[in-house]
Amino acid sequence: MSLDLYVFNVLNSFAGQGPVSDAVIVFFATYLPFILVGWFALYLVYKKELSHRSKIVAFLLALLAGSIARFAVTSPIRFFFPRDRPLAAMDITHLFIIEAPSFPSGHASFLFGFSTIVFFYNRTLGIVFYICTVLVCAARVAAGVHYPSDMIAGGVVGIVSAILVMYLLKKPLFKFKT
């Protein structure tokens with residue numbers, strides 16, 4: 001058994017254990033990404049040291065990095081190299097159904113891109129966002145909609161996209177404080 005399938009089976013074994021654990025997995029897999037985006041927006045609103053323009057640019061850079069990773073990179077890879085999701089390829093416990101190809105993970109690519117910009121902006125908050133992103137990824141594997149390798153590939157796409165966005169746009173738009 002490959003390491004990818006082994007880790008998948010370990011995480012997926014948490015699904016179907018009861019309504020509370022399933023609800024927690026679905027919450028992390030589905031709703032936590034929205035909470036993270038809102039959390040960064042609220043953080044910027046209440047950050048008094050930054051100008052209004054700086055706050056908008058920081059938020060837009062995070063959205064841009066995540067969106068480039070998700071739509072400009074992940075979608076073409078899925079189109080040319082479609083991979084069935086675990087729930088379509090195996091008889092497993094799954095908590096919801098998605099029919100689009102699974103590799104690389106769109107959630108992982110968006111959230112790792114977004115979190116990387118947050119990390120460039122504020123290292124402590126960025127680490128918290130990375131931890132939350134890993135929880136989302138683990139929950140999506142536990143829910144049976146991704147393999148761990150989907151998440152790793154999505155994470156690489158997101159981080160690289162954010163680094164490119166920062167490299168190309170940081171100087172002209174915004175000076176980050178670390």
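A few remarks follow.
- Any chance Tyr130 is assigned to a helix (DSSP H, G or I), surrounded by fewer than 23 Cβ atoms within 10 Å (Cβ to Cβ), under 10 Å from the mean Cα position of the chain (by Cα) and not acidic (Asp, Glu): yes
- Within the option set Phe119, Phe110, Phe114, being under 21 Å from Leu61 (Cα atoms), among the aromatic types (Phe, Trp, Tyr), surrounded by 18 or more Cβ atoms within 10 Å (Cβ to Cβ) and out of contact with any Phe, Trp or Tyr (no Cβ under 8 Å at 6 or more places or on another chain) holds for one residue only, Phe110.
- Any hit, segment 73-88, residues being under 16 Å from Phe129 (Cβ atoms) and in a loop (DSSP other than H, G, I, E, B): no
- Annotation for segment 138-150: no member residue is assigned to a helix (DSSP H, G or I) and without any contact (Cβ under 8 Å) to a residue 60 or more places away in the chain.
- Near pairs, Cβ below 7 angstrom, 6+ apart or cross-chain, from segment 18-33 (farther than 22 Å from Gly106 by Cα) to any residue that is assigned to a helix (DSSP H, G or I) and charged (D, E, K, R): none
- Residue identified as modelled with pLDDT of 95 or more and not hydroxyl-bearing (Ser, Thr, Tyr) among Pro19, Pro33: Pro33
- Segment 60-80, residues that are in contact with a Ser or Thr (Cβ under 7 Å, 6 or more places away or on another chain) and closer than 13 Å to Val118 by Cβ: Ala65
- Residue check, Phe59 surrounded by fewer than 16 Cβ atoms within 10 Å (Cβ to Cβ), part of a helix (DSSP H, G or I) and among the aromatic types (Phe, Trp, Tyr): no
- Of all residues in segment 64-107 being of a type in the set (Asp, Glu) and more than 21 Å from Pro33 (Cβ to Cβ), the one that is surrounded by the most Cβ atoms within 10 Å (Cβ to Cβ): Asp84
- Some residue of segment 38-48 being over 17 Å from Ile131 (Cβ atoms), at pLDDT 90 or above and surrounded by 16 or more Cβ atoms within 10 Å (Cβ to Cβ): yes
The values are calculated or read from the model by the stated rules, or taken from the named source; none is laboratory data. Predicted model only: the values in this text are computed from it and were never measured. Glycine gets a Cβ as well: all are built from the backbone with ideal geometry, and neighbour counts include every protein chain shown.
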